[in-house]
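**Q** Following this message is one structure expressed as structure tokens.
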Amino acid sequence: MKKIAIIGLPNVGKSSLFNRIAKQRIAITSDFSGTTRDIKSHEVFIGEKPCIILDTGGLDRSSELFANVHDMSMETSKKADILLMVVDGKRLPSDEEKKIFYALQARNKPIALVINKIDNDKEMERAWEFSEFGAENVFAISVSHNRGVSALLEWIATYLPTPEGSVVNEPSENDEEEDEDWGEEDDWDDEEELPAAIEEETVPDNRINVAIIGRVNVGKSSLLNALVGKQRAVVSSIEGTTIDPVDEAIEYNEKIINFVDTAGLRRRGKIEGIEKFALMRTKEMLERANIALLVLDASEPFKELDERIAGLVEENNLACIIVLNKWDQANVEYEEIMKEVRDRFKFLSYAPLISVSALTKQRVSKIKEMLLSVYENYAQRIPTARLNEVIKEATIKHQIPSDHAKVVKIYFATQYQSKPPRIVLVMNKPRSLHFSYRRYLANRLRETFNLEGTPILIYPRAKGEKDEQNEQDDA
């Protein structure tokens, strides 16, 4: 499938063009220079021809962080089949932009000079300033007003192969009259109005969505790169390097594992600017995830924020693996840190723990096998007959506390859903089942069935009570 890379200096509208072509707000856009840092990819159809668009970070070498972004963006342009060099039509051409364009042009690939922010006919005069680039394919567009975009798409479509057996429909003039505005001028202040980046979808059984979460600078991006075997995310010592969630899928033992490196989380009072959008995207990714890799920094004491972030795992009912990163820099015994983890994160007692070094790749490969094992437990369905046997044995061994001298009984148990396992207990007095007894039953189930890594959700219900209440209990 052909790849189209969108290249340019920071804040010229690359991510807005990416979102426009994708017809979704996937990449975060803002007035902050350097918002995009990692490579985002998305499969789209242009004139019914499939292709992959790549949104790259702004080309800037003003700091260590942006030098890394620059290098990754230029490396992506080498692997792409079609190049779109985006410039800001409201500014005069710069020598740096010409240098970049000539370097891209030398790669002998289809390349277009895309002059963005030409919002009306009067501003077309400024587009002539860019004639000194000597570009053969020039498109003056306005992403925010959706002007000239369909002409650019038509040009791209000429370089895309037609799928066998399909009829290609050329873009119509009405394509530029869409009601929705995907541009940079959107008001991002009201978080309630921000749509989901990706619509809900049915996840195939062979696909595992894994969210990599943790506070800033614990090595999440380094872990992603080590897991997928290539530099997929920008790594820097600067806190808050990752803004947009970065996803990359790999195939492992007939499963597709889709890793998402989420933005590092800070204390609420320190969240500024585009980081609030990053936090929203992180929450969206967690809603779609199956398993969380909770990354902790083993080279320094744990913080209260680590516990709060771990709480997101419980809040979203995710399976979990606790990853102690930077083990090569740790100055503590394994048994000691294990005890501290279990004491501080008691609500994740079901989560297995592994110590790794993303930098040296020490034990990183073991995480993949653990993910498959945990996902199998997370998706497990317990036979009803066996489930009731275990519950009955548990109640005989440790009787349910009575309610004001009245006997509390469990009539029947059934698992009504998996991912994670959700179990209903049909009872005579469901409100009398204390949470500590529910925890006792969950522990007995763990002793009997292999449920390592996954939460077990137990709902006491009266006979005839509707199951819709179960979902309310999840909230």
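The values are calculated or read from the model by the stated rules, or taken from the named source; none is laboratory data. The model shown is predicted, which means the values in this text are computed figures rather than measured ones. So basically every Cβ, Gly included, is an ideal-geometry build from the backbone, and we count neighbours across all protein chains shown.
**Q** Please specify each residue of region 387-435 satisfying the condition of being outside any strand (DSSP E or B) and within 29 Å of Ala289 (Cβ to Cβ). Working first, answer last.
**A** Step one: filter region 387-435 for residues outside any strand (DSSP E or B), giving 387-402, 404-405, 407-409, 418-421, 428-435.
Hits for region 387-435 are Leu387, Val390, Ser418, Lys419, Pro420, Pro421, Phe435.
**Q** Another one. Would you tally the residues in region 290-344 being within 24 Å of Gln380 (Cβ to Cβ) and under 24 Å from the mean Cα position of the chain (by Cα)?
**A** Number of matching residues: 18.
**Q** Let me ask another. Filter region 291-307 down to residues that are among the small types (Gly, Ala, Ser) and part of a loop (DSSP other than H, G, I, E, B) and give me whichever is farthest from Pro455 (Cα to Cα).
**A** Looking at residues that are among the small types (Gly, Ala, Ser) and part of a loop (DSSP other than H, G, I, E, B), I get Ser299.
**Q** Aliphatic (A, V, I, L, M) and surrounded by fewer than 21 Cβ atoms within 10 Å (Cβ to Cβ), is that true of Met85?
**A** Working: aliphatic (A, V, I, L, M): yes; surrounded by fewer than 21 Cβ atoms within 10 Å (Cβ to Cβ): no.
No.
**Q** State which residue is modelled with the lowest pLDDT when the search covers only region 433-443 and only residues that are buried (at least 18 other Cβ atoms within 10 Å of the Cβ) and over 34 Å from the mean Cα position of the chain (by Cα).
**A** Looking at residues that are buried (at least 18 other Cβ atoms within 10 Å of the Cβ) and over 34 Å from the mean Cα position of the chain (by Cα), I get Leu433.
**Q** State yes or no: is Val87 modelled with pLDDT of 90 or more, in contact with a helix residue (DSSP H, G or I) (Cβ under 9 Å, 6 or more places away or on another chain), assigned by TED's automatic domain parsing to the domain that holds Ile39 and more than 20 Å from Ala157 (Cα to Cα)?
**A** yes
**Q** For the structure I just gave you, tell me whether Asn325 is modelled with pLDDT under 95 and among the polar types (S, T, N, Q). Let's see the steps before the verdict.
**A** Numbers: modelled with pLDDT under 95: no; among the polar types (S, T, N, Q): yes.
Answer is no for this residue.
**Q** Give region 209-260 a look and list any residue that's of a type in the set (S, T, N, Q), modelled with pLDDT of 90 or more and either buried (at least 24 other Cβ atoms within 10 Å of the Cβ) or over 15 Å from Lys283 (Cα atoms) (or both), or say none.
**A** Answer for region 209-260, where residues must be of a type in the set (S, T, N, Q), modelled with pLDDT of 90 or more and either buried (at least 24 other Cβ atoms within 10 Å of the Cβ) or over 15 Å from Lys283 (Cα atoms) (or both): Asn253, Asn258.
**Q** Kindly provide the set of residues from region 353-371 that are crowded, with 16+ Cβ neighbours inside 10 Å and either farther than 12 Å from Ala226 by Cα or of a type in the set (Asp, Glu) (or both), ordered by number.
**A** Scanning region 353-371 gives Leu353, Ile354, Ser355, Met370, Leu371.
**Q** Restricting the search to region 96-137, which residues are surrounded by fewer than 20 Cβ atoms within 10 Å (Cβ to Cβ) and among the basic types (Lys, Arg)?
**A** If the condition is that a residue be surrounded by fewer than 20 Cβ atoms within 10 Å (Cβ to Cβ) and among the basic types (Lys, Arg), then Lys98, Lys99, Arg107, Lys109, Lys122, Arg126 are the ones that fit.
**Q** Still on this structure, please answer the following. Within region 308-321, which residues are outside any helix (DSSP H, G or I), of a type outside the set (S, T, N, Q) and touching a helix residue (DSSP H, G or I) at 6+ places or on another chain (Cβ under 6 Å)?
**A** Ala319, Cys320, Ile321
**Q** Right, something else. In region 384-407, how many are of a type in the set (Asp, Glu) and under 16 Å from Thr448 (Cα atoms)?
**A** Initially, region 384-407 is screened for residues of a type in the set (Asp, Glu), giving 389, 393, 403.
If we keep only those that are under 16 Å from Thr448 (Cα atoms) too, we end up with 389, 393.
Of the residues in that region, 2 qualify.
**Q** Which of the residues that make up region 7-24 are surrounded by fewer than 23 Cβ atoms within 10 Å (Cβ to Cβ) and either at pLDDT below 80 or in a loop (DSSP other than H, G, I, E, B) (or both)?
**A** Leu9, Pro10, Asn11, Lys23, Gln24
Each row is one residue, and each column tells you yes or no for (1) modelled with pLDDT of 95 or more; (2) assigned to a helix (DSSP H, G or I).
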{"residue": "Val332", "(1), (2)": "no, no"}
{"residue": "Met338", "(1), (2)": "no, yes"}
{"residue": "Phe347", "(1), (2)": "no, yes"}
{"residue": "Ala351", "(1), (2)": "yes, no"}
{"residue": "Ile354", "(1), (2)": "yes, no"}
{"residue": "Leu359", "(1), (2)": "no, no"}
{"residue": "Lys366", "(1), (2)": "yes, yes"}
{"residue": "Glu369", "(1), (2)": "yes, yes"}
{"residue": "Leu372", "(1), (2)": "yes, yes"}
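**Q** Could you identify the single residue in Tyr378, Tyr350, Tyr334 that is of a type outside the set (S, T, N, Q), loosely packed, with under 14 Cβ neighbours inside 10 Å and touching a residue at least 12 places away in the same chain (Cβ under 8 Å)?
**A** Among Tyr378, Tyr350, Tyr334, only Tyr334 is of a type outside the set (S, T, N, Q), loosely packed, with under 14 Cβ neighbours inside 10 Å and touching a residue at least 12 places away in the same chain (Cβ under 8 Å).
**Q** Inspect region 42-57 for any residue being over 21 Å from Gln105 (Cβ atoms), touching a strand residue (DSSP E or B) at 6+ places or on another chain (Cβ under 9 Å) and modelled with pLDDT under 85 and give the result as yes or no.
**A** Yes, the conditions are met somewhere in region 42-57.
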